[in-house]
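Student: Below you will find the structure I want to go over with you.
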Amino acid sequence: MLKGKVAVLTGSTSGIGLAAAHSLAKNNAHIVLHGLLDDAEGENLAADFSRTYGVDCIFDGADLRDPQAIDRFMDRVISRFGCIDILVNNAGIQYTEQIGAFPNDKWNDILAINLSAAFHTMQRAIPVMRDQNWGRIINMASVHGLVGSINKSAYCASKHGLVGLTKVAALENAGFGMTVNAICPGWVDTPLAGAQVERLAQQNGVSVNEAKKQLVGAKQPISEMVKPSDIGDFVVFLCTAGASRISGSALPIDGAWTAQ
Ligand code: NAD
């Protein structure tokens with residue numbers, strides 16, 4: 001379905017980004033994997049993708065806290081493939097603490113990785129997509145782009161910002177064959193959520209499974225975690241012709257969390 005398209009996914013060495021890369025590669029897109037892995041591991045992962053799916057796949061380890069590193073990353077992609085068809089701004093980090101005690105360096109890192117990095121990659125990808133008259137940008141926001149939760153000031157600020165950035169990019173690029181959307185997942189079973197589950201298990205002296213039930217059940221009426229592959233399938237759907245009029249939307253996959 002996506003044969004010949006080039007998909008760039010930030011933070012695709014783990015969790016949701018890795019699942020989305022598998023879903024896109026299954027549909028024959030060439031893949032740019034990215035994340036904080038050492039080069040040898042990243043290149044092995046890329047070679048596995050090429051072998052498994054018969055697509056072209058490269059890895060880049062740019063640190064998204066550094067705008068110049070993002071520029072070098074995007075230069076490399078554009079000169080290697082000559083195009084960018086699908087951009088999934090997925091990389092993200094979390095840190096939980098009340099505002100009064102929230103460390104400044106964590107605030108800066110979360111804003112840089114979860115929000116500013118998407119601005120910098122879009123600055124480079126949008127002119128390429130406009131020239132092609134086709135492009136799909138998918139920003140991995142969160143339910144925390146739509147609602148707040150205690151102890152998540154930086155995360156909620158970054159994800160609300162990402163939803164706003166998505167809307168502006170969708171408006172600026174309507175009429176260029178492009179769509180720009182945000183996906184807003186609830187709890188997804190990945191290392192990022194796992195760290196919060198483990199912390200709760202320790203705090204409450206319960207098993208990891210019990211902590212998972214407590215954490216998810218507190219927010220989601222459908223009390224199972226979302227699977228990373230469900231989000232991968234949704235990313236693919238947003239790249240199909242059937243989704244070509246969905247743009248500027250913040251789309252929850254959240255077990256009815258934000259319906260309340
Ligand atoms: P994860 O921890 O499994 O993966 C994060 C990815 O980001 C990794 O590939 C990591 O290498 C990369 N990354 C982190 N810091 C980086 C940096 N400085 N430079 C470059 N890459 C960096 O996380 P995940 O749960 O798969 O989350 C993916 C996205 O989905 C994030 O934006 C997250 O906020 C969002 N999200 C997750 C959940 C959840 O419950 N897991 C819910 C809603 C939204």
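Student: Can you list the lysines whose alpha carbon sits under 16 Å from that of residue 5, skipping same-chain ones fewer than 8 residues off?
Tutor: Excluding near neighbours in sequence, the set is 26.
Student: Check which residues have an amide H placed less than 5 Å from residue 5's amide H, if you skip close sequence neighbours.
Tutor: Long-range HN contacts for residue 5: 30.
Student: Please list, or write none, the lysines whose alpha carbon is within less than 29 Å of the alpha carbon of residue 106, excluding same-chain residues fewer than 8 places away.
Tutor: Output for residue 106: 152, 159, 167, 212, 213, 219, 227.
Student: May I ask for the Kirkwood hydrodynamic radius of the chain, worked out over all distinct Cα pairs and given in angstroms to one decimal?
Tutor: On the way: mean 1/r = 0.0539 Å⁻¹.
Every distinct Cα pair counted, the radius reaches 18.5 Å.
Student: Another one. If I build a Gaussian network model for the chain, linking alpha-carbon pairs within less than 10 angstrom, which residue out of 101, 182, 243 has the largest mean-square fluctuation?
Tutor: 101
Student: From the protein chains alone at 1.4 Å, what is the descending order of accessible area for 83, 184, largest first?
Tutor: Most to least solvent-accessible, the answer reads 83, 184.
Student: Within 10 Å of each candidate Cβ there may be at most 12 other Cβ atoms; applying that plus a DSSP loop requirement, which trypsin sites (Lys or Arg not before Pro) in the range 180-260 survive?
Tutor: Passing both the DSSP loop test and the Cβ count: 245.
Student: Right, here's the next one. Compute, for the chain, the length of the dipole vector about the Cα centre, with Cβ point charges of +1 (Lys, Arg) and -1 (Asp, Glu) only. Units Debye, rounded to 20.
Tutor: Taking the Cα centre of the chain as origin, the dipole is about 700 debye.
Student: Can I ask one more? Mean residue ellipticity at 222 nm from the helices of the chain, using -39,500 (n - 2.57) per DSSP H segment of n ≥ 4 over the full residue count, to the nearest 500 deg cm²/dmol? Could you put the intermediate results ahead of the total?
Tutor: Numbers: 9 runs with 121 residues, N = 260.
Result for the chain: -15000 deg cm²/dmol, rounded to the nearest 500.
Student: Could you tell me which trypsin sites (Lys or Arg not before Pro) in the range 2-58 are loop residues by DSSP with no more than 10 other beta carbons within 10 angstrom of their beta carbon?
Tutor: Loop-located and lightly packed - 3.
The values are calculated or read from the model by the stated rules, or taken from the named source; none is laboratory data. Predicted model only: the values in this text are computed from it and were never measured. Cβ atoms come from the backbone with ideal geometry, glycine included; neighbour counts cover every protein chain shown. The accessibility values were calculated without ligands, DNA or RNA, using every heavy atom of the protein model including side chains. Shrake-Rupley method; radii C 1.70, N 1.55, O 1.52, S 1.80 Å.
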